[in-house]
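Everything on this sheet refers to the single structure shown next.
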Amino acid sequence: LLDALADMGALAIERVRLVEDLDRAERAAETDRLRQALLTSISHDLRTPLASVLGAASTLRDLDADLAPEAKADLLATIIAESERLNRFIANLLDMTRLEAGAVAPNLAPQDVAETVDTALRRVEAVLADHRVAVDLASDLPVLRLDPVLFEQVLFNLLDNAAKYAPAGSTVTVRGRREGAFVRLDILDEGDGLPEADVERVFDKFYRVRKSDRVRAGTGLGLAIARGFVEAMRGTVTAANRRDRGGAVFTVTLPVPARIAPKDIAA
Ligand code: ADP
């Protein structure tokens, strides 16, 4: 009987091993599939703007004498815009790689939220040129310990999206409130909002809600980077739809430090 039990035990262990091996093989295949999809997506995002640059530059070279000045100006504008898009994409890829390598070490220092929001808004003035911007920050916002470079990048990515996905002439609102141990910042727009099923997925790398979003100057990395940067500062960022009207709302929460020494504020 003991021998029989030992045999059964050995068989059971063997089965567990087999199932584990299968699991591992499936996981490896899934990782491989994801890596392939990622490479295809990155190649596409690099080649599309590059093709436009090459096309415009070749036309300029081959047809130089026959081109009207406006046509030349258009081609040059294409070259510059598409090169900027490539630049942005590569900068985003680098940020993403740094995040995934755990190489983003925030440089936390006491920052006035209102001032930092103001600076970020000045930086995105050009992208928000066709929108109305409403800033609604409570007057009692505490000083936070933030990395101003990361924080500005987060706001930039969220405001840039609001500008891209909400129609010209609509209002983009930046609201800031203190909520207990957190400061809550909401970026509200009046665009189409997000399908409910996508409110979490938009933070995935390269995820886009609509196929047509790929055509706009996006990289699909902005929100993944925003989340990585916010989490590096011990905050959270989530997406939702506005209840009052159409449009998306992105909410950033950041912890209020227990105590900031007066010398830090003076610094
Ligand atoms: P992208 O470079 O494509 O904008 P993001 O990571 O910033 O990449 O955003 C991912 C996707 O989430 C976008 O492609 C878009 O489909 C959706 N999205 C982001 N912000 C908004 C918004 N304010 N309104 C509607 N959809 C949005």
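The values are calculated or read from the model by the stated rules, or taken from the named source; none is laboratory data. Please read all numbers here as calculations on a predicted model, not as lab measurements. Positions of Cβ are backbone-derived with ideal geometry, glycine not excepted, and every protein chain shown enters the neighbour counts. The protein model used for the area step is the full one, side chains on, heavy atoms only, and it has no ligands, DNA or RNA in it. Shrake-Rupley method; radii C 1.70, N 1.55, O 1.52, S 1.80 Å.
Heavy-atom accessible surface of D66, to the nearest 10 Å², is about 130 Å², with a 1.4 Å probe and all protein chains retained.
Every pair of different Cα atoms in the range 1-46 enters the Kirkwood calculation, which places the hydrodynamic radius at 13.4 Å. For the chain, the Cβ-based charge dipole about the Cα centre amounts to some 380 debye (Lys, Arg positive; Asp, Glu negative; other atoms uncharged). Per q in 0.15 Å⁻¹, report the Debye log10 I(q)/I(0) for the chain, using one uniform scatterer on each alpha carbon and no solvent. For the chain, the Cα-only Debye profile gives -1.15. Taking a quarter of the surface of the Cα convex hull of the range 1-81 gives a mean projected area of 7.0 nm².
Placing +1 on the Cβ of every Lys and Arg and -1 on the Cβ of every Asp and Glu, with no other charges, gives the range 1-128 a dipole of roughly 180 debye about its Cα centre.
Computed over protein heavy atoms with a 1.4 Å probe, the carbon and sulfur contribution to the accessible area of the chain reaches 56%. The average projected area of the range 133-214, computed from the convex hull of its Cα atoms over all directions, is 6.8 nm². Screening the chain for DSSP H helices whose Cα atoms reach 20 Å or more along their own axis and whose mean Kyte hydropathy is at least -0.5 gives 2-63, 69-100, 148-165. Probing with 1.4 Å while keeping every protein chain in the model, the per residue accessible area of the chain equals 59 Å².
Considering only Cα atoms, the convex hull volume of the range 112-267 works out to 113 Å³ per residue. Longest stretch of the chain clear of exposed loop sites (GluC sites (Glu not before Pro), DSSP loop, at most 13 other Cβ atoms within 10 Å, sites excluded): 1-124. In the chain, a dipole from Cβ-located charges (positive for Lys and Arg, negative for Asp and Glu) runs towards its positive end, and of M8, L39, A181 it is A181 whose Cα lies farthest in that direction.
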